[in-house]
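A quick write-up on the structure given underneath.
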Amino acid sequence: MATLLRPDPTFYPSPKLAMEAPRESYGYVCLLCPDGSKADALAVIDLDPRSADYGKMVHKIVMPNIGDELHHYGWNACSSMLCPLSGHPFTERRYLVVPGIRSSRIYIIDTKPHPTQARIVKTIEPEELMRKTGYSRPHTIHCGPEGIYVSCLGGKGVNGDESPAGIFVMDCETFEIRGPWEMDRGDQVYSYDFWWHIAHNVAMTSEWGLPPQFENGIVPAELLANKYGHRIHFWDLSKRKLTQTLDLGASHQMALEVRPAHEPAKEYGFIGVVVNSENLAGEIWLWHRDKRGKKKGNDEFAIEKIIEIPAQPADPELLPELLKGFGAVPPLVTDIDLSLDDRFLYVACWGTGELHQYDVSEPHKPKLAGKIELGGIAKRTKHPSGRVFSGAPQMLEISRDGRRVYFTNSLYSTWDDQFYPGGMPGAQVMANVDPNGGISLDKDFFVTFEDGYRAHQIRLEGGDCSTDSYCYPSV
């Protein structure tokens, strides 16, 4: 009897159907060891409240090398495999592709037959990565209908600054590197995040800086001279060609995370700016189709600032050397995430120790719907459990149903040391979401990790709000 092939049950045609899917039972958290005394690891966390191990680490995959600094890892496959013309509709969401931003090494981790048995099945060494792509410092993984897309922050040379940074593509089943993605990059040099309006054949990429600007910590002279990235690029996804660049302005430094609307019919999205060098504010900008331009026959995007989060005055005695002269704490918008219904945008303020929830049902008119305070450079707010949370809200991940927001506290080892010199033990916590707006920390959910580890990227079993792409509209 012939085998009946069916798509992976964790692939969902639309965002609405994904929201109706079963709750996540496991989560994954990458752990980094900043002093190189031991290898980085990937932790598996039990997220099933019915389990006796709820909120505990139930498995750990230790990397075989020292000094990788694991970063924005992701799945080999996701709901985009159901898009028309996809060549891999029966691929499993099974493997995690885990990049080391310092080592330029990539690990492939098999999560089957069960998350508690996850293991490394392949390692891509930096020499192979450079030979086949010309890139280094792999940073962000996105799965798409053509394969696995990997953004890199460095190019050629020992310091990674002898050629532009960019994206390369891997096969989603064999994990063979195909080569650099860009066919015509125009004047794009810096790289950071990327995503797409996949149903409209548009990709967008953002900018941080080349490795000498971030690997050893933030470079104050570069920041004050406005030399970090401040542009967003739009691409023809199928032709792999740069079609438009929007410059937010030189003072809007480090335009990093891009979060397009999940609903495939929509063509807008949000990008977070870490800091405005003129006033230390953090910002959220909205890109959207320029209706005036469309009437003229062109098809370009426009962008506008919709949220500004001001710096907070603080006693210089409470501040690290980097900030003493300012007498203030910048919000430092280091991560943003958008719920699957495109209603709530979450903004991590890693400097002030806040997580903001904005109702963006009307994208041009965001409303602050909720806020929690935890950690922070000057405030150092404790968790409701009474425990100390070093650092502040940083890497965010929203459950598919939008009812839970998980987050960790580490940004990047050298930046952690600059802004939080007192240390940063790894931790993961959770906020509960009111469907009508509002968030509150769960006082009983507080995951700690082995001494010497810091916690960064979170991924959820079955997909989450910052990894999946959909091609069919919700009903």
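Every read-out reported here was derived from the displayed coordinates using simple, explicitly stated rules and does not represent laboratory data. Just so you know, these numbers come straight off a predicted model, no measurement behind them. Because the Cβ atoms are built from the backbone with ideal geometry, glycine has one as well, and the counts that use them run over all protein chains shown.
Straight-line reach from LYS324: which lysines have a Cα under 17 Å away, not including same-chain ones fewer than 8 places off?
Those lysines meeting the cut-off are LYS379.
Only sites in a loop by DSSP and with at most 15 other Cβ atoms within 10 Å count here; which chymotrypsin sites (Phe, Trp or Tyr not before Pro) in segment 382-475 make the cut?
none
Under a Cβ-Cβ cut-off of 13 Å, what is the net charge of the residues other than HIS233 that fall near it, where Lys and Arg count +1 and Asp and Glu count -1?
For residues surrounding HIS233, the net value is -4.
Extension gain THR174-LYS156, at 0.36 nm per residue separation less the Cα-Cα distance, in nm?
Between THR174 and LYS156, full extension yields an extra 4.0 nm.
THR243's amide H: which non-local residues (gap 5+, or another chain) put their own amide H closer than 5 Å, with H modeled 1.01 Å from N in plane and none for Pro or chain starts?
It is PHE234, TRP235, ASP236, by chain and number.
Got a sec to turn the phi values of segment 151-165 into Karplus ³J(HN,Hα) couplings, 6.51 cos²θ - 1.76 cosθ + 1.60 with θ = phi - 60°, whole Hz, x for Gly and Pro?
Per-residue couplings from phi come out as 8, 10, 9, x, x, 7, x, 4, 8, x, 10, 9, 7, x, 8 Hz.
Limiting things to C-alpha atoms, what are the Rg and the maximum Cα-Cα separation (Dmax) for segment 275-409, in angstroms?
17.1, 59
About the Cα centre of segment 60-190, what is the dipole size in debye to 20, counting +1 per Lys and Arg Cβ and -1 per Asp and Glu Cβ, all else neutral?
It works out to roughly 440 debye.
Give the calculated FRET efficiency between ALA265 and LYS371 to the nearest 0.05, with a Förster radius of 30 Å applied to their Cβ-Cβ distance.
0.45
Whole-Hz Karplus ³J(HN,Hα) for segment 202-208, in order, using 6.51 cos²θ - 1.76 cosθ + 1.60 and θ = phi - 60°, x for Gly and Pro?
Running phi through 6.51 cos²θ - 1.76 cosθ + 1.60 with θ = phi - 60° gives 10, 10, 9, 10, 10, 9, 10 Hz.
Specify, per residue and in Å³, the volume enclosed by the convex hull of the alpha carbon atoms belonging to segment 15-460.
Per residue, the Cα convex hull of segment 15-460 comes to 139 Å³.
Take GLU125, project a point 7 Å from its Cα along the Cβ direction, then tell me which residues of segment 156-188 have their backbone nitrogen under 19 Å from it.
Only 157-158, 175-178 pass the distance filter.
Once phi is turned into ³J(HN,Hα) by the Karplus curve 6.51 cos²θ - 1.76 cosθ + 1.60 with θ = phi - 60°, what whole-Hz value does each residue of segment 318-331 show in order, with x for glycine and proline?
8, 9, x, 3, 4, 10, 3, x, 8, x, 7, 10, x, x
Express in nm, to one decimal, how much length is gained between SER51 and LEU322 on full extension, taking 0.36 nm for each residue of separation and deducting their alpha carbon distance.
Extra length from SER51 to LEU322 when fully extended: 93.1 nm.
Under 5 Å between amide hydrogens, which residues at least 5 positions from TRP196 or on another chain qualify, with H placed 1.01 Å from N in the peptide plane?
MET204
With a point put 7 Å past each Cα toward its Cβ, work out how far LYS305 is from VAL62 in nm, to one decimal.
4.8 nm
Using amide H atoms built in the peptide plane, which far-off residues or other-chain residues are under 5 Å from VAL329 H to H?
GLN312, ALA314
Could you sort 98-104, 32-38 so that the peptide with the highest average Cβ count within 10 Å comes first and the rest follow in order?
So the order, starting with the most tightly packed, is 98-104, 32-38.
Identify all lysines with a Cα-Cα distance to LYS38 below 22 Å; exclude those on the same chain that are fewer than 8 residues away in sequence.
LYS56, LYS60, LYS122
Provide the net charge surrounding HIS59, with neighbours chosen by a C-beta distance below 11 Å and charges set as Lys +1, Arg +1, Asp -1, Glu -1.
It works out to a net charge of +1.
From the gyration tensor of the Cα coordinates in segment 126-264, what semi-axes in whole Å does the equivalent ellipsoid have, largest first, with each one equal to sqrt(5λ)?
Each semi-axis is √(5λ); the values are 23, 20, 12 Å.
Quick one: of LYS16/LYS382; LYS112/LYS443; LYS112/LYS266; LYS132/LYS241; LYS227/LYS382; LYS16/LYS365, which pairs are farther than 27 Å apart, Cα to Cα?
LYS16/LYS382; LYS112/LYS443; LYS112/LYS266; LYS227/LYS382
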